[in-house]
Structure formats: structure tokens, C-alpha cells
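Undergrad: Below you will find the structure I want to go over with you.
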Amino acid sequence: MTSLFLRRLRRRSYLPLTAVILILGAVALAPLGPGPFILGWGILGAGLYRCADVSRIRPGRTWIPVIAVHGLLAALVVWGIWGANPAGAVAAVLFIAYRRGQARRVTNFATVDSGFGISTSPGLSDYYLRGLVVGTLLAALTYL
């Protein structure tokens, strides 16, 4: 199953490139704090989750070691650059990667008027924000 993960990762060559860009951006934009890095790293983890998930071929949770290593790398970067509490970073990255990595589908396209001149679809909002709201709250733990 490792070879399948590596083939999928090679096919999605933008994932390692995104990881390098996120780490370099974290170093360059260190005064902004770890929040933007954690959210970006969590979204990257969703792509890795999809590469490592082989549940259609073999039942089980084959994605857990990949996401665990991904979370530990986030902890090392957060602790190394900002000296912040890495527990919040790991929790946020793992939660975002898990929630955004799962299959999503929009079945309700009804629009709701917010009263502020913007109409939005709750189904589409949930699709795009899946895992990011709670992930942001977990990322705030690094600031404590």
C-alpha cells in the first residue's frame, strides 16, 4: 500500500511543492504567527489523506500514519519557528486534514438571504469551510 501512496503522491506533484512553499512562507512571514501556516498545512494534509486512503481496496485506516507524520512535521515547524505550543497545531492540522479529506457532496443548493445584501447557499458554505472553523479555533490554542 506504500507504493500506491507514493504513486498517488507522484501523480499529485503539487502536494510536495505546496509543502515547501508553506514552510518557506512560514519562515518569511514569521511575524504573522503560526495561524496561517497551520490552516495551510491542514489543507495540505487533506490532499495527503486522499493519497493515503485505500479503503476502497483494503478495509482499514491506512491514512493514519501519513497524517500522524504530517501533524508531527507541523508541530516541529510551529515549535521551531515560533516556539509556540505545538499541541494546538497538531490538533488543528489533524482535524482539518481528516474533515477536508473525506468525500464531500452538496445536495442542498437553496440560497439564504443574510440580510446584509449577500445571498449564500448553506450547502456550498459547508463544502468550502469544512473543518476550517473548528480548525481555526484549535489553531488558536498555539497562542496560549
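Undergrad: Using a 10 angstrom cutoff on alpha carbons, build the Gaussian network for the chain and name the most mobile of S13, S119, S55.
TA: Highest fluctuation of the listed residues: S119.
Undergrad: Further, regarding this structure: Counting only other residues whose beta carbon sits under 13 Å from that of I67, what net charge do I get with K and R as +1, D and E as -1?
TA: Net charge in that neighbourhood comes out at +3.
Undergrad: Connecting C-alpha atoms closer than 10 Å in a GNM of the chain, tell me which of L39, L76, L124 has the biggest fluctuation.
TA: Looking only at L39, L76, L124, the biggest GNM fluctuation is shown by L124.
Undergrad: Spelling out what I want: for every residue of the range 129-144, take phi, set θ = phi - 60°, compute 6.51 cos²θ - 1.76 cosθ + 1.60 (Karplus), and round to whole Hz; glycine and proline get x.
TA: 9, 4, x, 7, 5, 5, x, 5, 5, 5, 5, 5, 5, 5, 7, 7
Undergrad: Specify which residue in the list L4, G131, H70 is farthest towards the positive end of the charge dipole of the chain, using unit charges on the beta carbon of Lys, Arg (+1) and Asp, Glu (-1), about the Cα centre.
TA: Of L4, G131, H70, it is L4.
Undergrad: Would you work out the relative contact order for the chain, in percent, from Cα pairs under 8 angstrom that are 6 or more residues apart?
TA: Answer for the chain is 25 percent.
Undergrad: Then there is this: For Cα extents along the principal axes in Å, the choices are (1) 45, 44, 24; (2) 42, 30, 28; (3) 65, 39, 38; which was calculated from the structure?
TA: Among (1) 45, 44, 24; (2) 42, 30, 28; (3) 65, 39, 38, the one calculated here is (1).
Undergrad: On to the next question. In the Gaussian network model of the chain, springs joining C-alpha atoms below 10 Å, which of I96, I21, I64 carries the largest mean-square fluctuation?
TA: I21
Undergrad: Here is a follow-up. Calculate for the chain the 222 nm mean residue ellipticity that helices alone would give, adding -39,500 (n - 2.57) per DSSP H run of length 4 or more and normalising by residue count, nearest 500 deg cm²/dmol.
TA: -19500 deg cm²/dmol
Undergrad: For the range 70-119 and the range 1-67, what is the separation of their Cα centres, given in Å?
TA: Centre-to-centre distance over Cα atoms comes out at 13 Å.
Undergrad: How large is ³J(HN,Hα) for each residue in the range 33-47, as worked out from phi by the Karplus curve 6.51 cos²θ - 1.76 cosθ + 1.60 (θ = phi - 60°), to whole Hz, x for Gly and Pro?
TA: x, x, x, x, 5, 5, 5, x, 5, x, 5, 4, x, 5, x
Only the coordinates and a few stated rules stand behind these numbers; no lab work does. Bear in mind that the values here come from a model prediction, so they are computed numbers and not experimental data. Reconstructed Cβ throughout: ideal geometry from the backbone, glycine too, with neighbour counts over all protein chains shown.
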